[in-house]
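First the structure, in the form of structure tokens, and then the observations on it.
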Amino acid sequence: MPFHSKESVLKYFTLATLLGLSHPSFAEVATPGSYRIDPGHSTVFFSISHLGTSEMTGRFNDIEGSFVLDKEQPAKLDVSIKTASIDTNHEKRDAHLRSPDFFNVKQYPVMQFSADKVSYDKQGQPVTLHGKLSLHGKTRPVSFVITPVGAGKDPWGGYRVGFNASTTLKRSEFGMNFMPGGIGEEVTVTLNIEAMKE
Amino acid sequence: MSPYLLIILQSIAFPFGLSGLLLWRAGHRDVYKVIGNVLIWLIAYAWIIQWPELPPGEAVDWLWLLLVAGIAARYIAHRQMRLFYRTAVFASMITAIAWPVLHYQPSIAVVSELVILIVAGHVLFSRIEQIQAVAPALTLTIQATGLAIACALSGSLLVGQLSAALAAVIGGYAILEIFGRLRKTLFSAQQSLVFLPLYLSLLAIARLYAELPSVTTILLLAGPVFCVLVPWRHSWVISLLFNACAIGLVLMNSDNTAYY
């Protein structure tokens, strides 16, 4: 937006400063506690080989869950993802992915990841999540590598933490065997999570 | 191997070739034709879905049980009992196939659709037992091809492939019916009674899981019902028209992208 006057410049500068002051710190270690995932600022991405020539990416738009971040307590993380919310920026392909050929969303409407073990580094940052992923009627052990992004107070007085978690799955292990030649076997899954302290 | 070549091999070339070979070798021996054709379709099916789960997990995993039960019906002697048995097996399979949808999203509309399908199945089985159908293989091939195309266009290539394999297995008989000017057929009532429930089950799977549009589903169901209720020599033309309309509707409702 163009600035038209001295007052508007001052107004934008003040707002930017306030937001900057309350922006979560990138270096801060998240405070222990229970967190609820913010669905509006969290995404699940996946990427898979297409015909061996490129990496196709997609995402799931409907995610919810919660976790406990505390070294002194047993780890707990539950993430539910509605499989019908798959979005690859192509309506026809999304319909195909929802069909019995792949996710079979009518029969398996939710995929769920439950972690019961978290390993931390020396600074107290979570490094790895170990748990079970239930997808397409199959439950398999899965480990996510965590990259902490930031933690701190938000502009509304709450406390937020953010991290990215990624893993590689084999789709055949979850009973998704269709079109083995055209579509890759390995799927890279990335969770970009932002959560609010409860 | 190219994925498209694999699809053609799995769902057309392999079942059509093997079925043609069986037709040539088995001649008029009905039992060999029935069991042989079922086995050919089952091999193609196992190849397409990469082996069914046991106990069945998804809707398509029930299909092999439906075929085995269909063959078993042959050995139930009493005619009335056979009809009851076929309808009971078909109703049970449709319920099993639909169970996840009924469990997660129960609705009167879904139940009504299933009831219509089961009643249509009962009427078809009953009529096939009673009458000598005209060009049954041609009609069923047209129907299965129509379902395959509609499925592939509307969302599920897997169900489309399974239906294409069904069309390919019966296709040889349809060609012979055309060469015989639709006056005689090598496709027996027993074969119809085994493969028709399979076609109806694939239609149910396409409707429930691949969201085949309701009007398309009705047209694909109306084809065999019309052909059996009106055993006219050229009723296959009506079946062809119903299928053309069904595919046309899917095409009209889809975007222009042929592949992605």
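Of the residues A:Val145, A:Val127, A:Val161, which single one is open to solvent by less than 20 Å² (accessible area, probe 1.4 Å) and β-branched (Val, Ile, Thr)?
Values: A:Val145 fails: open to solvent by less than 20 Å² (accessible area, probe 1.4 Å); A:Val127 fails: open to solvent by less than 20 Å² (accessible area, probe 1.4 Å).
Only one candidate qualifies: A:Val161.
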Original post:
Among the residues of the stretch B:43-52, is there at least one that is away from chain A (no Cβ under 14 Å) and not β-branched (Val, Ile, Thr)?
Top reply: yes
Subject >> the stretch B:55-69 residues that are away from chain A (no Cβ under 12 Å) and under 21 Å from B:Tyr85 (Cα atoms), paired with ones that are aliphatic (A, V, I, L, M) and open to solvent by 50 Å² or more (accessible area, probe 1.4 Å) (beta carbon under 7 Å, 6 or more apart) >> reply: none
Subject >> Hits in the stretch B:142-172 - residues which are polar (S, T, N, Q), in a helix (DSSP H, G or I) and within 14 Å of chain A (Cβ to nearest Cβ) >> reply: B:Ser154, B:Gln161, B:Ser163
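At least 1 residues that are touching a Gly at 6+ places or on another chain (Cβ under 8 Å) and of a type in the set (Lys, Arg) in each: list the strands (runs of 3 or more DSSP E) lying fully within the stretch A:99-158 that qualify. Let's see the steps before the verdict.
Numbers: elements: A:110-120, A:126-135, A:138-153.
Ranges flagged: A:110-120, A:138-153.
Residues checked against (1) in a helix (DSSP H, G or I); (2) of a type in the set (Gly, Ala, Ser); (3) closer than 25 Å to B:Ser126 by Cβ:
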residue: B:Leu203; (1), (2), (3): yes, no, yes
residue: B:Leu208; (1), (2), (3): yes, no, yes
residue: B:Leu212; (1), (2), (3): no, no, no
residue: B:Ala222; (1), (2), (3): yes, yes, yes
residue: B:Val228; (1), (2), (3): yes, no, yes
residue: B:Leu240; (1), (2), (3): yes, no, yes
residue: B:Asn243; (1), (2), (3): yes, no, yes
residue: B:Ala246; (1), (2), (3): yes, yes, yes
residue: B:Val250; (1), (2), (3): yes, no, no
Original post:
Hey, A:Gly52 hits all of (1) in a strand (DSSP E or B); (2) open to solvent by 60 Å² or more (accessible area, probe 1.4 Å); (3) within 13 Å of chain B (Cβ to nearest Cβ) but one; which does it fall short on?
Top reply: (1)
**OP:** Considering every residue within the stretch A:65-85, establish whether at least one is of a type outside the set (A, V, I, L, M), assigned to a loop (DSSP other than H, G, I, E, B), free of Cβ contacts under 8 Å to residues at least 12 places away in the same chain and open to solvent by 30 Å² or more (accessible area, probe 1.4 Å).
**Re:** no
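The values are calculated or read from the model by the stated rules, or taken from the named source; none is laboratory data. From a predicted model like this one, the values you see are computed outputs, not experimental measurements. Backbone-built Cβ (ideal geometry, glycine too); neighbour counts: all protein chains shown. Areas reflect the complete protein model, heavy atoms only, side chains present, ligands, DNA and RNA absent. Shrake-Rupley method; radii C 1.70, N 1.55, O 1.52, S 1.80 Å.
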